[in-house]
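Here is the structure we will look at.
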Amino acid sequence: MSFSLSETSFDPRTLILLSLCFAILVISFSSLQFLFCLFAFSVCLAALFKVPFVSTMKKMLLIDGFMVLALLSLPFTFASGSFILFLGFPFYWDGLWLAIAILLKANSIFLCFTALMGRMGLAEFAHALAHLNVPSSFVQILLFMVRYIDVLKLELQRMLRAMKCRGFRYSTSWHCWKSIGHLIGMLFVRSIERAEQILIAMKCRGFTGTFPLLHHFHYSMKDTALVSTFIAFLIVFLSIGFLLDGSFLKGGI
Amino acid sequence: MVDAYFTLRSISFRRSKQSPLFQGLNFEVLPNDQIGVIGGNGAGKTSLFHLMMGLLLPQAGDVFAFGQVCRNEKDFVPVRSQVGYLFQNSDDQLFCPTVEEDVSFGPLNLGMSHKEAREITSKTLNELGLSGFEKRITHHLSGGEKKLVALASILAMNPKVLLLDEPTNNLDDEAYKRLTDILKSLNISKVIISHDREFLSDLTEKTYRLEAGQLHLE
């Protein structure tokens, strides 16, 4: 019988806690050689959990594209350490290393989260949070969001459709901006009203402020195996980081 | 021969991955036509209106509106300003804080000045017996009032055709009678979707049944 990590069901609580610990570990390192190793680790993790390549790359590019715009200015504004002149502007090496470190951190955490929690449904995630004793109001907000975000989307579409039927078109006029303002405002009003209706309906069925949780998760040997393998491999990758001479990455500058 | 307001010619339409809703559907609305449309739940009555307004586009067949063939969003923009579509749920239609703002939304979209829009708004509200409603909050109106304000908001655009989607749903007797009287007095072509036979026989001259993706004259 073949064993596949991507098809094994682990306790969602284990996956959430592992991801969280990894994220804390990653942000606590600042030297590039360790960050490279942690990034390599998360790439291996993603490969082991068979993360879909194309869609994950698209999401990563989206995040990176956003960050690169902000990070591009970093080497020019760091203003300490050695620099070269680039088109007449000072280009600080330390700023460049910091930008690379930020990119590595973000991508490592993103890959790890996708690998461990990518297959988890939002509802399952919320239930797991509840079992981890996250305050129940946060969990309830998350659960309601999962349930009602589509309802609100449909409401918005219906209103937009009715606006178009009365000749509405997007333009850069005061009338258009005002109308969009009304649309968003009314969406808020409707949401609040709907929320009140839902609360009433829930009270009618005996709701007193706590959600009965149907799912109960079971911590099993599989989870222990996952955690211990995770830690073991993390130590291996970090040891590689120790063995690497930090200066080689910076090309002896 | 008079030009038809709407001509739908052998329309086929299906939502993705569902069985076809319309197959070879034909429909015509002439000036002064008073048409009723009945049909079971999910027969596609509302979708028929959406096709006429260009909110849905057919996979095959042609929609002619006011003599022009309409194939995309751009073609339908001028059509919408000549057709008054009363939604099944008035809440979808009323999105501005006050009645006045909501009723003048359409006229402003037609390019009228604020003064003209304000005039036509109070005139329309007057005609529907809603004078004094200008500053009322749309959200706090009763169901019957919402329906009448929604009707006012489309009449303010001076449409040639009215498309009414189950206008009498959830109305009490008084609001029902008021709406019927107003609709009777309007000298505009109407297409009315309803389950209410009495209401239809009162207001329309012919009734189509929408069944199995086609319209059959009753």
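Could you run the Debye sum over the Cα atoms of the range A:134-204, one equal point scatterer each and no solvent, and tell me log10 of I(q)/I(0) at q = 0.19 Å⁻¹, two decimals?
-0.85
Using the beta-carbon distance between B:Lys177 and A:Met67 and R0 = 45 Å, what value does 1/(1 + (r/R0)^6) give for FRET efficiency, to the nearest 0.05?
Numbers: r = 64 Å, r/R0 = 1.42.
Computed FRET efficiency for B:Lys177 and A:Met67 comes out at 0.10.
Would any residue of the range A:158-195 have its amide N under 13 Å from a label point 7 Å out along Cα→Cβ of B:Glu73? List them or say none.
Answer for this model: A:160-161, A:164-165, A:168-171.
Based on the Kirkwood radius over alpha-carbon pairs, what value in µm²/s does the Stokes-Einstein equation return for the translational diffusion coefficient of the protein assembly as shown at 25 °C and 0.890 mPa s?
89 µm²/s
Rounded to the nearest 5, what % of DSSP beta bridges with both residues in the range B:129-218 are antiparallel?
Working: 4 of 9 bridges.
Of all bridge pairs located within the range B:129-218, approximately 45 percent are antiparallel.
Report the FRET efficiency, 1/(1 + (r/R0)^6), for A:Arg147 and A:Leu183, where r is their Cβ-Cβ distance and R0 is 25 Å, rounded to 0.05.
Between A:Arg147 and A:Leu183 the formula returns 0.65.
Please give the direction-averaged projected area of the C-alpha convex hull for chain B, in square nanometres with one decimal.
Answer in nm², one decimal: 12.2.
Which percent, nearest 5, of DSSP beta bridges in the protein assembly as shown are antiparallel?
Around 55 percent antiparallel, to the nearest 5.
If I model a spin label as a point 7 Å beyond the Cα along the Cα-Cβ vector, how far apart are those points for B:Asp3 and A:Ala23 in nm?
About 6.2 nm, to one decimal.
Take every residue in peptide A:167-173, count the Cβ atoms of other chains within 10 Å of its Cβ, and give the average of those counts.
Mean number of neighbouring Cβ atoms from other chains: 4.
Could you point to the residue in A:Ala162, A:Ala40, B:Leu163 farthest towards the positive end of the protein assembly as shown's charge dipole, with +1 and -1 charges on the Cβ of Lys/Arg and Asp/Glu respectively?
Farthest along the dipole direction, towards plus: A:Ala40.
In debye to the nearest 20, how big a dipole does chain A give about its Cα centre with +1 on each Lys and Arg Cβ and -1 on each Asp and Glu Cβ?
So the dipole magnitude of chain A works out to roughly 1220 debye.
Tell me which aspartates and glutamates have Cα within less than 14 Å of A:Lys164's Cα, excluding those fewer than 8 residues away on the same chain?
List returned: B:Glu73, B:Asp75, B:Asp92, B:Asp102.
In whole percent, what relative contact order does chain B give with Cα contacts below 8 Å and a gap of six or more residues?
29 percent
In the structure displayed, which of B:Lys123/B:Lys160; B:Lys74/B:Lys184; B:Lys123/B:Lys147 lie more than 23 Å apart, Cα to Cα?
B:Lys74/B:Lys184
Compute the Kirkwood hydrodynamic radius of chain A, taking the inverse of the mean of 1/r over all pairs of distinct Cα atoms, and give it in Å to one decimal.
The answer is 22.7 Å.
Only Lys, Arg, Asp and Glu count, each charged at its Cβ (+1, +1, -1, -1), so figure out the dipole size of the range A:144-187 about its Cα centre, rounded to 20 debye.
Roughly 160 debye for the range A:144-187.
Using just the helices of chain B, give the 222 nm mean residue ellipticity in deg cm²/dmol: DSSP H runs with n ≥ 4 each add -39,500 (n - 2.57), and the total is spread over all residues, rounded to 500. Present the calculation step by step, with values, prior to reporting the outcome.
Numbers: 8 runs with 79 residues, N = 218.
Mean residue ellipticity, 222 nm, calculated: -10500 deg cm²/dmol.
Just counting partner chain Cβ atoms within 10 Å, what average do the residues of peptide B:71-82 show around their Cβ? It would help to have the intermediate numbers written out before the result.
Numbers: counts 0, 0, 2, 1, 0, 2, 4, 1, 2, 6, 3, 1.
Across the residues of B:71-82, the mean count of other-chain Cβ atoms within 10 Å is 2.
Find how many whole Å separate the alpha carbon centroid of the range A:111-139 from the alpha carbon centroid of the range A:23-37.
Here the two parts' Cα centres lie 24 Å apart.
Any idea what log10 I(q)/I(0) is at q = 0.14 Å⁻¹ for the range A:115-160, Debye with uniform C-alpha scatterers and no solvent?
For the range A:115-160 at q = 0.14 Å⁻¹, log10 I(q)/I(0) is -0.43.
Evaluate peptide A:150-163: per residue, the Cβ atoms of other protein chains within 10 Å of its Cβ; return the mean as an integer.
Mean shielding by partner chains, rounded to a whole number: 4.
Go ahead and estimate [θ] at 222 nm for chain A from helices alone: -39,500 (n - 2.57) per DSSP H run with n ≥ 4, summed, over the residue count, rounded to 500.
Working: 10 runs with 180 residues, N = 253.
It comes out at -24000 deg cm²/dmol, rounded to the nearest 500.
With +1 on each Lys and Arg Cβ and -1 on each Asp and Glu Cβ, how big is the dipole of the protein assembly as shown about its Cα centre, in debye rounded to the nearest 20?
So the dipole magnitude of the protein assembly as shown works out to roughly 700 debye.
Taking the Cα centre of each part, how many Å lie between the range A:143-168 and the range B:114-145?
Each part's Cα centre sits 25 Å from the other's.
Every number here is computed from the coordinates shown, using simple stated rules; none is lab data. None of the values given here were measured: they were computed from a predicted structure. Glycine also receives a Cβ, built like all others from the backbone with ideal geometry; neighbour counts cover every protein chain displayed.
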